[in-house]
Amino acid sequence: MDLASVDELLTTTRSVRRRLDLNRPVGREVILECLRLATQAPTASNAQDWRWLVITDADKRAAVADIYRSVGAEYLARAAATASDPQTQRVYRSALGLTETLARVPVHVIPCLQRRIDESNRLVAASAWASIIPAGWSFLLALRSRGLGSVWTTMHLAKEKEVAGCSESRTRSPRLRCSRSPTPSAPTSVRPRGRPWRPSLIGMPGNSLLEKADAVLHRAISRRCAPNKVWRVLHPPAPPNSARPRVLRWPTGSMEILHEGDEAGEGLVRTCIFEVPKYLLSGGKGRSFETVTEAKINKLSRYVAVGAPLWSRAEGYHQLDEQPDGTTVLTFHETYHAYHPVLRCFLERPVHAAISRDNLKTYEHALGCAGRVTRLDP
């Protein structure tokens, strides 16, 4: 490793605003290469639940620039006029100048997390931000090493979903602007200019671009019971003065709740034991570490998980829908992705099929404790 080059990279990566070359295009492959490097960054529990939105469409960039200008221009002008020292004045004037040129910056990149952040829960919030900021910084370093200037911007975060199409279930982190400059993740898909884009899911660093839907479980079970009663069966509240961590058990497995989350269960952290094929040499049992990323009482619970012994990642949810006849339909869906390419080829689908059958039995057992259960066709 050339320490001199590394040191130069770390000490010369700056927020570049005034000296961006706004007329020189930035190639798609360069952005993809930088994103591949960025997704080598660490994430909490190795969740890798980042999503990268790359915007090159001129109209969208102009709309975002209008928002940025409307939010920041007055504040930056006032801050530049009242700053107490020349260096701070230069920074504010540079940021103010960006409000006029932002629409011409050829590439805007938005790092996102596939979940909302509960800022009232410091543990969850710290873990979430620590899962995206390192990747964002790695992205900036990769840009710098290729002669690209960049700058973080944040003022428009409350409104950017209006033009970027971000879902409310995601959290945006600071936007990154990329351009040529004379000085200073699960990769993403980049759509040609003028066409609508959508983010793709990022695979394990080092893998090729892929839509991570390698194996999907989608079943429904109905109960003649109101959604609130079904919810309490699936999410039993912690009894007063109950032991910590709380442990729930059923015939084929168990769940240890390490952190209860908020009132709806969002932010809940748990570890689960479940059945897996015995040829995995783990005694027929697997273990997952899971976080509930979104919860709506009596309606929806969404989670991400990392599992062993087959090193893998899963994302899923269960949803409750009340029918006119009083029946509650419970639908659950899960995607599953084994990280190792060889294991993914030979074991991913059969292992997930086995886990899916265990999930189905677990749901049926839980709901059967309170009434009649009917399995529906997928």
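The values are calculated or read from the model by the stated rules, or taken from the named source; none is laboratory data. All figures in this text were calculated on a predicted structure; none of them were measured in a lab. Please note: Cβ atoms are built from the backbone with ideal geometry, for glycine as well, and neighbour counts cover all protein chains shown.
Structure data summary
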{"quantity": "The one condition in (1) more than 25 Å from CYS112 (Cα to Cα); (2) crowded, with 17+ Cβ neighbours inside 10 Å that ALA65 fails to fulfil", "calculated": "(1)"}
{"quantity": "Whichever residue in the stretch 28-62 is within 25 Å of the chain's Cα centre (by Cα) and small (Gly, Ala, Ser) and, among such residues, is surrounded by the most Cβ atoms within 10 Å (Cβ to Cβ)", "calculated": "ALA38"}
{"quantity": "Residue in the stretch 48-63 that is in the same structural domain as ARG122 (by the TED database) and farther than 18 Å from HIS108 by Cα present", "calculated": "yes"}
{"quantity": "Residue match in the stretch 257-277 (condition: within 27 Å of PRO350 (Cβ to Cβ), more than 24 Å from the chain's Cα centre (by Cα), not small (Gly, Ala, Ser) and not in a strand (DSSP E or B))", "calculated": "yes"}
{"quantity": "Hits in the stretch 261-273 (condition: farther than 16 Å from GLY316 by Cα and surrounded by 18 or more Cβ atoms within 10 Å (Cβ to Cβ))", "calculated": "GLY261, ALA264"}
{"quantity": "Test: ARG115 is modelled with pLDDT of 75 or more and charged (D, E, K, R)", "calculated": "no"}
{"quantity": "Of all residues in the stretch 68-116 being in contact with a Cys (Cβ under 8 Å, 6 or more places away or on another chain) and either part of a loop (DSSP other than H, G, I, E, B) or not assigned by the TED database to the domain that holds TRP137 (or both), the one that is farthest from SER15 (Cα to Cα)", "calculated": "PRO106"}
{"quantity": "Within the stretch 316-373, considering residues that are farther than 27 Å from ARG249 by Cβ and among the small types (Gly, Ala, Ser), the one surrounded by the fewest Cβ atoms within 10 Å (Cβ to Cβ)", "calculated": "GLY326"}
